[in-house]
Amino acid sequence: MSTEVPARSEATATPTAPHRMPGRESADRKQVTQGRWASMLLLPTLVLLAVVIVYPVINAVTMSFQKDAGLNPVTGFFEQGGFAGIDNYVHWLGQQCNGQACPPGTLGSEFWSAMGTTFFFTIVTVILETVLGFWMAIIMARTFRGRSAIRAAVLVPWSIPTAVTAKLFFFMFAFEGIINKLLGTQILWTGSEWPARWAIIISDVWKTTPFMALLILAGLQLIPDEVYEAAKVDGASAWQRFTQITLPLVKPALMVAILFRTLDVLRMYDLPAIMTGGANNTTTLSILVVDQIREGFNSAGAVSTITFLTVFLVAFIFVRFLGANAVGAATSSGKK
Amino acid sequence: MNTRKYLLPAAVAGVLAISLSACGGGGGGGTSTGGGDASLDGRGPITYVQGKDNSNVIRPTIDKWNAAHPDQKVTLKEQSDQADQQHEDLVQHFQAKSTEYDVVSVDVVWSAEFAAKGYLQPLKDKMALDTAALLPATVKAATYNSTLYAAPVSSDGGILYYRKDLVPTPPKTWDEMMGMCSVAKSNNIGCYAGQFQKYEGLTVNAAEAINTFGGKIVDDSGKATVNSAEAKTGLGKLAEAFKNGNIPAEAITFQEEQGRQAFEDGKLLFLRNWPYVYNLAKTDGSSKVKDTFGIAPLPGQSGPGASSLGGHSAAISAFSKNKATALDFLKFLTDPEQQKFFATQGSLAPVLSSLYTDPALVAKLPYLPVLLTSIQNAVPRPVTPFYPAVTKAIEDNSYAAIKGEKSVDQALTDMQAALQAAGAK
């Protein structure tokens, strides 16, 4: 039942209590004034958000229902396309170009493979980064000499701009690059599908595992030592302590970290764009959007709206999943 | 249940994701050919827009113009050095019908798109430009629907770099070159490479192969005509060379720079590249071929091959108020004196054929006579308002063909269909 939700600062929304006592009333009024003040102070931020976030989204959605300008074959000039209905969406989702299946070599023919590639990258990189990040966080949580130096050093990959990382790995994965030299191989990393995908995954994991590690580390440090000591006294093994104490207690922080990473990697652009240019089945949805912008804004509006809804859906599933657990942990009774 | 609670954070997260992709803005189109007649006679200060002036070529040129025309001064607006960003900046200003930009520098492959969108002032009638002295291919690249829309300012073409210590006379034809690959094999180096990674460079190389053997990607009326026997021969030659190893397998990852490095390392017998490589291969400390390489026109079917064309043109914005001044500035840019300065100062290939034999210039840029042959035989990349989609159709399908993922037949059938879907029908 929704009314059971713990009252937060929403008190201003329901200021009328059935029994009004003199002292209580002045407190209420105070709260109302405070609430007014709060919303007035928040207003500039809200307006700013509306301008930079809400307006572009609405604009993109509106554009996605317009046809792209088409060439008038008689004059040789472009003319406005007019209202398109859901044509742009049919074009992408059905991979239809002018009423037939989009031939290879058009952006339209790549939609579902881009969707698949995006999710492939998301699943693989998030799993790898979570496991490696957890491992790094556990190491960093220990007390040892030079711990702060390690923590700082771990952040270096994260602080390098993605485009720079991509260029670095582009050179390292080149045919004459250092990776082939070190491994003694002659792999064409950016020239065929699976090596290209792995090159991108390796770069992404290198770059963003520190981010995961730090978020998880923050969660680990919230666990009091007493819990571990008590478990030790009870004779729990190291593995039991990990699965029974560390994992459940770090879960909220872990979930937030995974959510952030997932949303981030769903809009992956720089790494594949720079390392492979989207060749060999490494085109992600964001690359598709940017390429389509060059060919026609309105159709790009449609594919970016689809991307938006996809990310939204994933976020929704995550937050719902996450939220249920957070509530369960906090109240630990009643609601299921 | 109260899904609202979950919906809001999810929505915020999603919104953040889209706001990145949604900033493309505005719709296309507009058929207006620009201001009234008054602007055609307009004289006064104008703004010239181009990408970053890395070798300090345009500033001294503009200073010179300004000294001679104190009442019609030119102001330089420098864009970034990224072609995509330059394109975007121009589109934004044109869409807003901005009068701020008067003369703009356009990459040869953009001119048709800008012309078809009504952004550029046609150079005809009162605004006509004398093109007699210009290299024909450069004029063709600036022409859309039989109307000239821009003045060619700089050009570029592919040339063949070869190892003169291993092959004394350069090959004249493709087949002759493939015949010389046994020399490469006995020296244990790769035979031939160009730019075959999937990017604009592949369009350049695939178009050269197709054009060299008489194929046409898009005909003069803008129709896709790539599914022809000639095109099949051309693309087939590239695919075959990849298959039998005359083009080493790693060339599939080559852009200009990787090819240059392999050639300078002595790992290639032949390299197709732009003229910029010449000075680097001569002077780079790491170059092992300083004194042992030569240059020649691209090999063709029976004579020189058909190079793709690079370079920039200058066009007048349809929304400019001072078009008379702008036209004078265009003529000034194509004047032999400025062209010579561009060549010596910025190594930009001139658009005037007469300069390619100028002794002073040839002394400084020894590749000019070879480049002239290349540009005289050059075929512009498809002049089409749908260039981004057209180049994608060429890249994707020729990439599949040279990798052997598709037969050449199938690749050309798909390329034809993709070109038609792009609008070239």
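Every number here is computed from the coordinates shown, using simple stated rules; none is lab data. None of these values were measured; they are calculated from a predicted model. Using ideal geometry, Cβ is built from the backbone for each residue, glycine included, and neighbour counts are taken over all protein chains shown.
A compact table of results
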| item | result |
| --- | --- |
| Kirkwood Rh, Cα atoms: Rg over Rh of region A:112-250 | 1.09 |
| Estimated FRET transfer efficiency (A:Ile138, B:Lys282; beta-carbon r; R0 60 Å; 0.05) | 0.60 |
| Positive dipole terminus of chain B, leading residue within B:Pro171, B:Ala315, B:Ala417 (C-beta point charges) | B:Ala417 |
| Residues B:Lys425 and B:Asn244, FRET efficiency given R0 of 35 Å [Cβ-Cβ distance, rounded to 0.05] | 0.45 |
| Gyration tensor (alpha-carbon) shape descriptor, region B:173-321, a/c threshold 1.5 | oblate |
| GNM flexibility winner over chain B from B:Tyr119, B:Tyr149, B:Tyr278 (Cα, springs under 10 Å) | B:Tyr278 |
| Directionally averaged projected area (convex hull, Cα atoms, chain B), nm² | 25.4 nm² |
| Dipole in debye (nearest 20) - the protein assembly as shown, about Cα centre, beta carbon charges: Lys, Arg +1; Asp, Glu -1 | 1920 debye |
| Theoretical gain in end-to-end length, A:Ile123 to A:Ser237 [0.36 nm per residue, Cα-Cα removed] | 37.9 nm |
| Ascending count of other beta-carbon atoms within 10 Å, so fewest first, for A:His91, B:His69, B:His312 | B:His69, A:His91, B:His312 |
| Positive-pole candidate from A:Val154, B:Ala83, B:Thr143, dipole of the protein assembly as shown, charges at beta carbon | A:Val154 |
| Antiparallel DSSP beta bridges within chain B, percent to nearest 5 | 70 percent |
| Radius of gyration and Dmax over the Cα atoms of region B:238-303, both given in Å | 12.5, 37 |
| For region B:115-152 versus region B:323-377, the gap between their alpha-carbon centres in whole angstrom | 18 Å |
| Cα gyration tensor shape for chain A, rounded if a/c is under 1.5, else prolate or oblate | oblate |
| Fraction of antiparallel bridges per DSSP, region B:38-148 only, in percent to nearest 5 | 20 percent |
| The protein assembly as shown: mean projected area of Cα convex hull, nm² | 43.3 nm² |
| Charged-residue dipole, Cβ positions (Lys, Arg, Asp, Glu), region B:169-273 about Cα centre, Debye nearest 20 | 240 debye |
| Whole-angstrom Cα spans of region A:266-308 along principal axes, big to small | 28, 21, 15 |
| Prolate/oblate/rounded label for region A:30-164 (Cα gyration tensor, a/c 1.5) | oblate |
| Alpha-carbon centroid distance for the pair region A:255-299 / region B:203-254, whole angstrom | 30 Å |
| Of A:Ala166, B:Ala96, A:Leu46, farthest towards positive along the dipole that unit charges on Lys, Arg, Asp, Glu beta carbons give the protein assembly as shown | A:Leu46 |
| Given charges at beta-carbon only (K, R positive; D, E negative), |dipole| of chain A in Debye | 1120 debye |
| For chain B, calculated [θ]222 nm from helices alone, where every DSSP H run of n ≥ 4 adds -39500 (n - 2.57) | -13000 deg cm²/dmol |
| Proxy reagent accessibility, fewest Cβ within 10 Å first, across B:Ile210, B:Ile316, A:Ile139, A:Ile258 | A:Ile139, A:Ile258, B:Ile210, B:Ile316 |
| For residues of A:94-106, the mean tally of beta carbons on other chains within 10 Å | 6 |
| Shielding by other protein chains, A:71-80, mean Cβ within 10 Å | 6 |
| Bridge type composition, the protein assembly as shown - antiparallel percent by DSSP, nearest 5 | 75 percent |
| Under the span-like rule (Cα at least 30 Å along the axis, Kyte-Doolittle mean at least 0.0), DSSP H helices of chain A | A:111-141, A:193-220, A:297-331 |
| Label-to-label distance, nm, for residues given as B:Asp409 and A:Lys167 (7 Å Cα→Cβ offset) | 4.6 nm |
